[in-house]
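Read the figures in this text as sums done on the coordinates, not as results from a lab. Model, not experiment: these values are computed from the prediction. Reconstructed Cβ throughout: ideal geometry from the backbone, glycine too, with neighbour counts over all protein chains shown.
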Amino acid sequence: MELHGTNSLVECQSCGRRTDPERHFEFFRRTRRPPTCECGGFLKPATISFGQNLRLEDLERAASAAGECDLVVALGSTLSVYPAADVPLAAARRGVPYVVINRGPTEHDGLREVTLRLEGDVGEIFPPAVEAALGVQNP
Ligand SMILES: [Zn+2]
């Protein structure tokens, strides 16, 4: 679940329709005018900006996943923005292993729910760990 939205779509601020951003970016590059939806509403990247609420259905899907997962991994986050930072804790409080990988401190450092805390670059640490867990051979 992309709780804080996505840059891979644009969203109409009036009707909520989500579409591929490329033609709208091209329109803006060409005209320097803000792109609009067919309904007349302004378009912006489908990210959650400060002051915008998270989407309730996304929060519910995340909570549901936290209630069913076997492992929770927080990657590249200070875990300081709530309620998103509560999602991995909800899973960990069920007793599933909780791994935190981040360069720099996180708000969950030192919590008893954290099973493994790795300090460093997610892009360097996580892919080889997944490959090792899956038994993938390096070429
Ligand atoms: Zn619209």
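Taking Lys and Arg as +1 and Asp and Glu as -1, the other residues whose beta-carbon sits under 13 Å from that of Phe42 total +1.
With bins 5 Å wide beginning at 0, the percent of Cα pairs of the chain falling in each bin runs 2, 9, 14, 16, 15, 13, 11, 10, 7, 4, 1.
The spacing between the stretch 42-75 and the stretch 87-131, judged by their C-alpha centroids, is 18 Å. Relative to the longest principal axis of the Cα atoms of the chain, helix 56-66 runs at roughly 20 degrees. Restriction of the GluC sites (Glu not before Pro) in the stretch 21-55 to DSSP coil positions whose beta-carbon has at most 15 other beta-carbons within 10 angstrom yields Glu38. Which of rounded, prolate or oblate describes the stretch 1-53 when judged by the alpha-carbon gyration tensor and an a/c cut-off of 1.5? Cα axes put the stretch 1-53 in the prolate bin.
Mean separation of Cα pairs under 8 Å and 6 or more residues apart, divided by the residue count, gives the stretch 57-139 a relative contact order of 26 percent. In this Cβ point-charge picture (+1 for Lys and Arg, -1 for Asp and Glu), the stretch 1-68 has a dipole of about 520 debye about its Cα centre. Percent relative contact order of the stretch 1-55, based on C-alpha pairs within less than 8 angstrom and at least six residues apart? With pairs under 8 Å counted, the relative contact order is 45 percent. Against the chain, whose longest principal axis is taken from its Cα atoms, helix 22-31 shows a tilt of about 50°. Against the chain, whose longest principal axis is taken from its Cα atoms, helix 122-134 shows a tilt of about 60°. Lys and Arg at +1, Asp and Glu at -1: add these up for the other residues within a Cβ distance under 11 Å of Thr19 and post the number. It works out to a net charge of -1.
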